[in-house]
Amino acid sequence: MAGPEVPLPGGVANRGLVVRVGDTVRRPVRRTSPAAHALLRHLEEVGFAGAPRFLGVDEQGREVLSYVPGTAVLPPYPAWALTDEALVSVAELLRSYHSAVAGFDPAPHAWPASLPAAFRGELVGHNDLNLDNVVFRDGRAVALIDFDLAGPGSRVWDLACAARLWAPVRPDATIRDTRRGRGFRRLRLFLDAYGADGADRRRIPGALQQNQEWFCVLIERYAAAGHAAFLEYSRSDLRMQADAYRDWLADVAPALTASLS
């Protein structure tokens with residue numbers, strides 16, 4: 001190894017376990033890591049610059065990835081990360097990723113928990129487009145990191161996941177930054193910047209609901225297993241249960257539909 005281990009902040013599942021060593025990042029290996037490694041190799045082969053490179057496994061059994069220079073968006077969220085310009089750049093990066101991954105065959109690999117059947121099979125999605133999984137430079141999104149949940153998915157699933165978190169599409173009472181009151185307008189901006197077609201836009205409400213439910217189940221599973229970071233997150237006053245989110249979506253259905261047209 002070249003240099004000391006420097007812990008990297010952010011994340012939930014691997015909190016405190018990801019370190020930087022020189023120009024590399026060391027992360028725990030999981031049962032499904034070989035699938036993520038194959039995906040990263042494909043992205044490198046097709047020339048997609050917006051993801052780390054898989055470099056191997058170190059003497060401690062950790063995966064070794066190239067370090068992506070830049071800044072991940074961590075709370076308290078900086079003002080530049082909440083601008084419309086930053087949101088547009090996330091949409092453009094996601095579109096570029098989807099184009100790059102379109103020719104990748106997921107069949108030979110074992111992936112993490114399956115998405116709902118209606119939203120998988122089109123391509124391998126990132127599936128975890130939280131703010132801290134996007135690296136920025138000079139105010140623009142330049143790379144996706146943390147492919148632990150990547151697997152067979154779809155464009156609309158990644159769009160819903162990203163928009164739910166970045167716009168964000170959730171009640172204003174749970175938004176405590178400058179995005180409050182602007183969720184639906186930013187949702188339209190995000191979809192426009194991505195270039196989402198009418199068919200995908202019509203599927204967004206259902207994808208938002210099922211994406212929230214899927215992550216609720218995932219969080220509960222980790223929390224039940226005693227994972228400290230997920231236990232902490234599960235108790236956050238900003239977290240919405242799946243049924244509350246479903247009810248909210250029903251209440252705002254006219255405004256949501258209008259934002260998708």
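The values are calculated or read from the model by the stated rules, or taken from the named source; none is laboratory data. What you see is a predicted model; the values in this text were computed from it and never measured. Note: ideal-geometry Cβ built from the backbone for every residue, glycine included; neighbour counts use all protein chains shown.
Things to note:
- Any hit, segment 92-102, residues being in contact (Cβ under 8 Å) with a residue 40 or more places away in the chain, among the charged types (D, E, K, R) and within 22 Å of Glu45 (Cβ to Cβ): yes
- Residue list for segment 160-181, restricted to those being of a type in the set (A, V, I, L, M), part of a loop (DSSP other than H, G, I, E, B) and either more than 16 Å from the chain's Cα centre (by Cα) or not assigned by TED's automatic domain parsing to the domain that holds Trp80 (or both): Ile175
- Pair list, Cβ < 6 Å and 6+ apart or interchain, from segment 147-160 residues that are more than 15 Å from Leu208 (Cβ to Cβ) to residues that are of a type outside the set (D, E, K, R) and modelled with pLDDT under 95: Leu149/Pro112; Gly151/Pro112; Pro152/Gly121
- The condition of being farther than 30 Å from Arg179 by Cα and either exposed (fewer than 14 other Cβ atoms within 10 Å of the Cβ) or in contact with a Cys (Cβ under 8 Å, 6 or more places away or on another chain) (or both) holds for only one of Ala79, Ala117, Ala49, Ala38, that being Ala117.
- Considering residues of segment 149-159 that are assigned to a helix (DSSP H, G or I) and over 10 Å from the mean Cα position of the chain (by Cα) only, the residue surrounded by the most Cβ atoms within 10 Å (Cβ to Cβ): Trp157
- Residues satisfying the stated conditions in segment 99-117, i.e. within 19 Å of Leu208 (Cα to Cα) and not in a loop (DSSP other than H, G, I, E, B): Ala117
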